[in-house]
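The values are calculated or read from the model by the stated rules, or taken from the named source; none is laboratory data. All of these numbers come straight from a predicted model, not from anything done at the bench. Glycine gets a Cβ as well: all are built from the backbone with ideal geometry, and neighbour counts include every protein chain shown.
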Amino acid sequence: MTVRLFGTEPSFYTRKAFLSLTWAGLAFEDRLKTMANKAAVEEGAGGYHRFPVLDPGEGPFIIDSTRIGIWAGEQAPDRALLPADPAFRILVRMAEDWMDEWFLRAALLFRATSAGTRAFVARVGAMNLLGLRQGEATDAETESRMARLVPGIERFFLESCATNGVTGDGVAATRALLDGSAAALKKMLRPFLFGARPSLPDMALWGFLDAGLLWEPEARSWTKANAPHLLEFHDRLGVAARQRAPAGDWPDLAEGAAMVAPLLSGKAFGFQAFLDANRAALAAGDKRLVLDGVEVPARGFTEKCRRDVEAEIADLTPADRARLAATVGDWPLFRSYRGA
Ligand SMILES: N[C@@H](CCC(=O)N[C@@H](CS)C(=O)NCC(=O)O)C(=O)O
């Protein structure tokens, strides 16, 4: 049975899934999603056009990096990326969501603001579509095919920056998000977000670094100069995953909450206000909302993730729910996930 991960090199979530599988110690093929296999991969994934997707060898494809990470933990339970304690799982899911949905914006900053970065990333994207990896040799024919693909890929990146409000007035706010969260992370990551035990949000952060802030040349210079602790974290987690380091113990719920409070408590760097505004826009049937002074499309997928967590909170036993509420009940973000 061959497990195959399909994605691309500039994709943060592909790299997150890659490291989750590597951490779990699973044998898998790291495959590119190319123009040649796109139709077959999307058919296998039930029409889902994004990446990464995982073909587990038997049974349906698994879509979405979160589900791939959870699946990896099911195959290797002693290396699971979510804790067994159901109340603590909610906290880890919230931290992952913050990374996936919010730190994403910080990771897009250089693609949004630098034409050189867009050209760099789009070139690799074009190579990947043709089945080549970064650094592989290209001939003149391949270069001319790549040249035809690059403008569309650059447009796609600009659109995803705009979708995430990393455009116009939103650029300054995103820079503040990158500065502020990088500074907060400096005192965290000891050695990982939840201490000794790597978890799904660590994998997400690693993906944003590996395919973005430590990969794109300008972003890498910024990160090395301003946030070397992120480079050290990326190295540390990469080595732990590749060398199958012992998994480490989870902290307890209260300790875990204190560890991620600098990102998730209070305003959560604006994420809580966005979640509430997004939910209100969707409920009112509005297609757009204003984020940091920029109009962005309302995001159904974001609301679906929030509702999934809300349903999990509703499913907790009263005792677990009370324990969670006693720990993080005063975080505005928790109130958003609770649907309050
Ligand atoms: N929530 C999904 C997000 C996947 C996603 O947005 N993937 C991007 C690449 S990083 C993509 O496929 N974009 C292509 C598109 O939207 O058509 C996950 O975690 O896997």
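Within the range 4-26, the set of residues being more than 15 Å from the ligand (Cβ to nearest atom), out of contact with any strand residue (DSSP E or B) (no Cβ under 7 Å at 6 or more places or on another chain) and not in a helix (DSSP H, G or I) comprises 24, 25, 26. All told, residue 89 falls short of being basic (Lys, Arg), within 13 Å of the ligand (Cβ to nearest atom), crowded, with 19+ Cβ neighbours inside 10 Å and over 12 Å from the mean Cα position of the chain (by Cα). Inside the range 27-51, residues that are more than 15 Å from the ligand (Cβ to nearest atom) and assigned to a loop (DSSP other than H, G, I, E, B) make up a count of 3.
Every residue, every condition in (1) in contact (Cβ under 8 Å) with a residue 24 or more places away in the chain; (2) over 28 Å from residue 121 (Cβ atoms); (3) of a type outside the set (Val, Ile, Thr), yes or no:
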residue	(1), (2), (3)
2	yes, yes, no
16	yes, no, yes
33	yes, no, yes
68	yes, no, no
74	no, yes, yes
78	yes, yes, yes
95	yes, no, yes
108	yes, no, yes
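Take the conditions (1) at pLDDT 95 or above; (2) surrounded by fewer than 22 Cβ atoms within 10 Å (Cβ to Cβ); (3) at negative phi; (4) more than 13 Å from the chain's Cα centre (by Cα); residue 47 misses just one of them, which is (3). Apart from one condition, residue 260 fits all of (1) buried (at least 16 other Cβ atoms within 10 Å of the Cβ); (2) assigned to a helix (DSSP H, G or I); (3) in contact with a strand residue (DSSP E or B) (Cβ under 8 Å, 6 or more places away or on another chain); the exception is (3). State whether the residues of the range 92-113 include one that is more than 16 Å from the ligand (Cβ to nearest atom) and assigned to a strand (DSSP E or B). Within the range 92-113 (the criterion being more than 16 Å from the ligand (Cβ to nearest atom) and assigned to a strand (DSSP E or B)), the answer is no, since none of the residues qualifies. Against the list (1) closer than 18 Å to residue 202 by Cα; (2) in a helix (DSSP H, G or I), the condition residue 270 fails is (1). Which of the residues spanning the range 137-167 are farther than 14 Å from residue 121 by Cα, exposed (fewer than 12 other Cβ atoms within 10 Å of the Cβ) and either among the aliphatic types (A, V, I, L, M) or modelled with pLDDT under 95 (or both)? 137, 140 - these are the residues of the range 137-167 that are farther than 14 Å from residue 121 by Cα, exposed (fewer than 12 other Cβ atoms within 10 Å of the Cβ) and either among the aliphatic types (A, V, I, L, M) or modelled with pLDDT under 95 (or both). Condition test on residue 317, is it β-branched (Val, Ile, Thr) and within 15 Å of the ligand (Cβ to nearest atom)? Considered against the rule, which asks whether it is β-branched (Val, Ile, Thr) and within 15 Å of the ligand (Cβ to nearest atom), residue 317 comes out as no. Condition first: part of a helix (DSSP H, G or I) and within 14 Å of the ligand (Cβ to nearest atom). Now tell me which residues in the range 155-172 satisfy that. 155, 156, 157, 158, 159, 160, 161, 162, 163 - these are the residues of the range 155-172 that are part of a helix (DSSP H, G or I) and within 14 Å of the ligand (Cβ to nearest atom).
Among residues of the range 298-309 that are free of Cβ contacts under 8 Å to residues at least 24 places away in the same chain and small (Gly, Ala, Ser), those with a beta-carbon under 7 Å from a residue that is in a helix (DSSP H, G or I) and surrounded by fewer than 18 Cβ atoms within 10 Å (Cβ to Cβ) at least six positions away or on a different chain give the pairs 298/282; 300/282. Pick from the range 52-63 the residues that are free of Cβ contacts under 8 Å to residues at least 40 places away in the same chain and buried (at least 16 other Cβ atoms within 10 Å of the Cβ): which of them is farthest from the ligand (Cβ to nearest atom)? Here the answer is 61. When residue 138 is tested against (1) more than 16 Å from residue 291 (Cα to Cα); (2) in a helix (DSSP H, G or I); (3) over 17 Å from the mean Cα position of the chain (by Cα), exactly one condition is not met: (2).
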